[in-house]
Amino acid sequence: MSQSRQQPALSKCPGCEEPLDAGDLFCGACGYDLSAVPARPDDRPTVAITVPPAAPAAGPVRWPAAAETDSSDVPAPVHHPADLPGTDSGGRPLSEPEHGQEQVQEQGLASGQGLASAQGAASGQDLTSRPEPGPVGGPEAVAVPVRHDDRAEPDGAADSGDFALAAPDPRTAEHTPAAATAPAPGAKVCVACRSGRVDPDGYCENCGHAQPRERDHMEQELDAVAAVSDRGLRHHRNEDSFAVSSTALPDGSPAVVAIVCDGVSSASRPDEASAAAASAANEALLESLPRGTHPQTAMHEAIVAASEAVNALAQEPAGAMEHDAHRHQNAPACTLVGAIMAGGLLVVGWVGDSRVYWVPEDRTQPTARLTEDDSWAAQMVAAGLMNEAEAYADERAHAITGWLGADAYELEPHTAAFRPDRPGLVVVCTDGLWNYAESAEEMAAAVPADAQERPLRGAQVLVGHALDGGGHDNVTVALLPFAVRPRGAGSACETV
């Protein structure tokens, strides 16, 4: 009676390596026919191929003495190598060995050097020119490397025991700098090999390693402001941008500026939009504040300048419409929020859903959110249709109703001025942070106690708070310590 052969038990598919269950006849991922898998051969131990140890030293081979006469009592003839026609392995006619050579060869075979002698004959080397070996097994016995090639070797290669290399030996060229990929002074150097030049596409020309983007994580600290931006854990690039600076008013008093922008991911080139807006707004403030422009007016003008910079990104050269038929419906866009500390005033401005929080130094005092979102949720709350908890729980909560871009319905910059009567911390951030600390109380709890004295560390802690919470979005935050002398009871942050 015939019996069906039992199929070998497989733990994963031979075609796609998908895990298999017992009894599967086909792979559930790629459909591989598991019945066609050949049976596993009988298990045999793996035999390691090793070099046998050197044979112990032995004396010359004792061959039995040949009879001096044959069966007819006739003296046996004696044949020498030269008496018989033939050639050696090198193609040369056989000749009678020199005096004493038979004994040397016999000793060489006994000491394991027969292969070396054959090699010398094959390569045309004169064996008699080599120094005679010492006593068998003695300290002067030298093992000759065995080669299996008959190619010509450069001078000195025969004694190295290595094959001639067609390319430079990497062992000697490892520490030799490559002139073709050596970076010019001041050029960017690869973070992997530390020697290659980085091409415009972000790859090392020496080792091919992809370089981290500069915007994946950015930090900047000035005397009175610090900012940190991070790509987060889910996005492939950082579409946030920021600008922090300081200048002087006409009376010589300092003015500190922080601008934070968040690129709209559904738009094209959101990273370029946020960078252009932050740079344009910062430059506008650094130009208008020293002239004596009121900080609130300067903030309004800075937002308009940022909007114009983002709109300019949509003005592509002729022919661009052929590649993007929906360019006007998908223009680069971003949100913006900024803060100015000047002359005892705190001025904030925004378009979009990025926010500014006030956290007093005395945490027993009330905290406050100083901005109102341009979002669907904020409109629902303002219209009285939903409370804040219901609105922000809706999936449409983060749909923004105001932004900077060529396709914005109408630019409506928001500005507000406050005069704090006590020291505190100004938190300027994108929704990548406040998603994990939405209310003013939650934000105050996330701010470290020493952020007033160490704003950079405070910003780093807040970014870490968002990353620990999931890091679903880019995270950017700027901290501005606000120092004033207490002037009695009153609101921590009074609107001007």
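The values are calculated or read from the model by the stated rules, or taken from the named source; none is laboratory data. None of the values given here were measured: they were computed from a predicted structure. Reconstructed Cβ throughout: ideal geometry from the backbone, glycine too, with neighbour counts over all protein chains shown. Heads up: the accessible areas ignore ligands, DNA and RNA and are worked out on the full protein's heavy atoms, side chains in. Shrake-Rupley method; radii C 1.70, N 1.55, O 1.52, S 1.80 Å.
Quick notes on this one:
- In terms of the mean number of neighbouring beta-carbon atoms within 10 Å, the peptides 306-313, 224-231 order highest first as 224-231, 306-313.
- Each of D468 and V304 was given a label point 7 Å from its Cα along the Cα-to-Cβ line. The distance between the two points is 4.5 nm.
- Per-peptide packing, taken as the mean over residues of other Cβ atoms within 10 Å, places 11-19, 410-418, 469-477 in the sequence 469-477, 410-418, 11-19 from highest down.
- Take the Cα of A184, step 7 Å toward its Cβ, do the same at Q220, and the gap between the two points is 2.6 nm.
- Rounded to the nearest Hz, the phi-derived 3J(HN,Hα) couplings of the range 382-390 under the Karplus curve 6.51 cos²θ - 1.76 cosθ + 1.60 (θ = phi - 60°) are 5, 7, x, 7, 9, 7, 4, 5, 5, where x marks glycine and proline.
- A simple charge model with +1 on the Cβ of Lys and Arg, -1 on the Cβ of Asp and Glu and nothing else charged puts the dipole of the range 307-462 at about 540 debye relative to its Cα centre.
- Anisotropy class of the range 297-438 from Cα gyration tensor, a/c 1.5 cut: oblate
- Overall form of the range 180-252 per C-alpha gyration tensor (a/c, 1.5; a/b vs b/c): oblate
- Rg/Rh for the range 405-485 (Cα atoms only, Rh after Kirkwood) is 1.04.
- Net lengthening on full extension, E390/V191 (0.36 nm per residue, minus Cα-Cα): 66.9 nm
- When the solvent-accessible area of the range 324-424 is split by element, carbon and sulfur atoms take up 50 percent of it, the probe being 1.4 Å.
- Each of Y203, Y436, Y409 has its accessible area taken with a 1.4 Å probe; listed largest first, they run Y409, Y203, Y436.
- Accessible surface of L233 - all protein chains present, 1.4 Å probe, nearest 10 Å²: 110 Å²
- Applying 0.36 nm per residue to the separation of C16 and E372 and subtracting their alpha-carbon distance, the gain on full extension is 122.9 nm.
- Site pair C207 and R237 shows an inter-label distance of 2.5 nm when each label is modelled 7 Å from Cα along Cα→Cβ.
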